[in-house]
Amino acid sequence: MILHVAGAGMAGLCAAARARELGLDVVVYEKGDRPGGSMLLSSCVVWRYRSFGEFRAQCPGGDPELQRQVIEHLDDGLQWLRSLGADVVWEETGNPRTVGIRFDPHSLARVLVRAAGEVRLETTAPDDAAPLLLATGGFQGNQRLVREAVKPGGDLLLRANRWSTGDGLELGVTRGADVSTGMDEFYGRAMPAAPANVPEERFVDLAQLYGRHALVLDDEGEEFAPDPISWSETDLVQAIARRPNAQAWYLVDDDALEIEIRGRRVGEMVEAARTSGGEVLLPNELGIELPGAYRYAVHVVAGITHTIGGLRIDGQARVLREDGEPVDGLFAAGADAGGISTGGYASGLASALVFGRLAAEAAASL
């Protein structure tokens, strides 16, 4: 039997490598011109919440069965990645809520490609392939689908590979699949707004991660941020997406500039926005009355990294119909599978690792 895998990102490569260990023949089809997907553009921290209860509290709209699978299977998956030879950068996440490992993304991609076997670049899987794992990376690269689902107030900055355009979602729906909760949600970061230059190799270091420590105004001068803003700021980025132009201003004072977040001071992030060509103004240049004294006003746009909604799956990564029955021979993992972190934020790479491996194991039992 041949397992067909649509997508050579984290989920697809993990599935292919695990399937080959189990004795399956595998073909991986990658629409883009390189393997690795958006994993290669990330900080590559693969993590989970410390407990199932914390996962439920942080992502209350997610499917409990899927969340439990992440909690129960991620640690084994991390050890498996290490056994393949992936280089570890950090042994911890630096976040007291979570546990995990940061890998070097290029090293991780190399070892997974080696273990995955045949990867056909710039090709797509046959529509009638079976068994088929959909792991095309979500639909954030498709402006039409994003407008229909997210309903942003302007164009979002694509903070991901260019070819994750909803192919897996649309193929699954064509075969009778149901969609998950959270179709209007996404994970992303506030990024320097135009005219900033934001190349993909700078998606990590140009992220503006200090919304919790800023006064946040939309382009019309209105405050709108969630209260409180979550630790991940995913809720804030989604709120920015729905404001005029999908943009906002972050106003920071002198004290905020010294705060360290994920190893960088806020002042360094502001300077990165400035050197990218983004708008970093003195607050009085905004021409509006402010409730306090601030040093800088940084213009940001909502950047979309991956969608949170997708195809509905069960705990074995089988794609489900509306009646809860599995679609014959069809699996989904990574951002093509939705409803895991609805209402919050969880590691997309962790879900890709866990459900990619589980899909391979389920396919091997057919």
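Taking the condition modelled with pLDDT of 95 or more and either out of contact with any Cys (no Cβ under 6 Å at 6 or more places or on another chain) or part of a helix (DSSP H, G or I) (or both), does E92 pass?
It is false that E92 is modelled with pLDDT of 95 or more and either out of contact with any Cys (no Cβ under 6 Å at 6 or more places or on another chain) or part of a helix (DSSP H, G or I) (or both).
Residues of the range 95-149 being of a type in the set (D, E) and at pLDDT 95 or above, which ones?
At the first step, the residues of the range 95-149 found to be of a type in the set (D, E) are 104, 118, 122, 127-128, 148.
Listed by number, the residues that qualify are D104, E122, E148.
Condition check: under 27 Å from R189 (Cβ atoms), among the basic types (K, R), outside any loop (DSSP other than H, G, I, E, B) and open to solvent by 30 Å² or more (accessible area, probe 1.4 Å). Does R82 satisfy that?
no
Being touching a Lys or Arg at 6+ places or on another chain (Cβ under 7 Å), open to solvent by less than 20 Å² (accessible area, probe 1.4 Å) and in a loop (DSSP other than H, G, I, E, B), is that true of even one residue in the range 346-366?
yes
Please identify the pairs in which a residue from the range 155-173 that is closer than 15 Å to G9 by Cβ and without any contact (Cβ under 8 Å) to a residue 60 or more places away in the chain has its Cβ atom under 9 Å from the Cβ atom of a residue that is β-branched (V, I, T) and part of a strand (DSSP E or B), counting only partners at least 6 apart or on another chain.
If the second residue must be β-branched (V, I, T) and part of a strand (DSSP E or B), the pairs left are G166/T307.
Every residue, every condition in (1) more than 16 Å from A116 (Cα to Cα); (2) out of contact with any Asp or Glu (no Cβ under 7 Å at 6 or more places or on another chain); (3) of a type in the set (K, R); (4) open to solvent by less than 50 Å² (accessible area, probe 1.4 Å), yes or no:
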site: A11; (1), (2), (3), (4): no, yes, no, yes
site: E21; (1), (2), (3), (4): no, yes, no, no
site: L24; (1), (2), (3), (4): no, yes, no, yes
site: V27; (1), (2), (3), (4): no, no, no, yes
site: P35; (1), (2), (3), (4): no, yes, no, yes
site: S38; (1), (2), (3), (4): yes, yes, no, yes
site: S42; (1), (2), (3), (4): yes, yes, no, yes
site: F55; (1), (2), (3), (4): yes, yes, no, yes
site: I71; (1), (2), (3), (4): yes, yes, no, yes
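Output the qualifying pairs, or none if there are none: Cβ atoms under 6 angstrom, residues six or more apart or on different chains, first residue in the range 234-257 and closer than 14 Å to V150 by Cα, second residue hydroxyl-bearing (S, T, Y) and open to solvent by 10 Å² or more (accessible area, probe 1.4 Å).
Matching pairs, first to second residue: T234/Y187; T234/Y345.
Which numbered condition in (1) crowded, with 17+ Cβ neighbours inside 10 Å; (2) in contact with a Leu (Cβ under 7 Å, 6 or more places away or on another chain); (3) farther than 30 Å from R242 by Cα is the only one that D127 fails?
The one condition D127 does not meet is (1).
In the list V89, V119, which residue meets the criterion of being closer than 16 Å to L349 by Cα and either open to solvent by less than 30 Å² (accessible area, probe 1.4 Å) or of a type outside the set (G, A, S) (or both)?
V89
Residues of the range 319-339 being open to solvent by 10 Å² or more (accessible area, probe 1.4 Å) and either out of contact with any helix residue (DSSP H, G or I) (no Cβ under 9 Å at 6 or more places or on another chain) or not in a strand (DSSP E or B) (or both), which ones?
Those that are open to solvent by 10 Å² or more (accessible area, probe 1.4 Å) and either out of contact with any helix residue (DSSP H, G or I) (no Cβ under 9 Å at 6 or more places or on another chain) or not in a strand (DSSP E or B) (or both): L320, R321, E322, D323, G324, E325, P326, D328, G334, A335.
If you go through the range 299-318 one residue at a time, how many are open to solvent by 10 Å² or more (accessible area, probe 1.4 Å), among the polar types (S, T, N, Q) and closer than 29 Å to L156 by Cα?
Here the count works out to 1.
Step by step: first the residues of the range 270-304, then only those that are of a type in the set (D, E) and more than 32 Å from the chain's Cα centre (by Cα), then the one that is modelled with the highest pLDDT. Which residue is that? Before you say what the answer is, go through the steps one by one.
So in the range 270-304, the residues of a type in the set (D, E) come out as 271, 279, 285, 289.
Next, from what is left, pick out any that are more than 32 Å from the chain's Cα centre (by Cα): 285, 289.
Numbers: E285: 95, E289: 90.
Per the stated criteria, the residue is E285.
Give me the strands (runs of 3 or more DSSP E) completely within the range 1-79, filtered to those with at least 2 residues that are within 20 Å of the chain's Cα centre (by Cα), ordered by residue number.
Per the criteria, 2-6, 45-49.
So which residues in the range 174-223 are open to solvent by less than 40 Å² (accessible area, probe 1.4 Å), free of Cβ contacts under 8 Å to residues at least 60 places away in the same chain and of a type outside the set (A, V, I, L, M, F, W, C), if there are any at all?
P199, Y210, G211, D218
The values are calculated or read from the model by the stated rules, or taken from the named source; none is laboratory data. In this text, all values refer to a predicted model and were calculated from it rather than measured experimentally. No Cβ is skipped: glycine too gets one built from the backbone with ideal geometry, and neighbour counts run over all protein chains shown. For the accessible areas, the whole protein counts, side chains as well, though only heavy atoms, and no ligand, DNA or RNA atoms are used. Shrake-Rupley method; radii C 1.70, N 1.55, O 1.52, S 1.80 Å.
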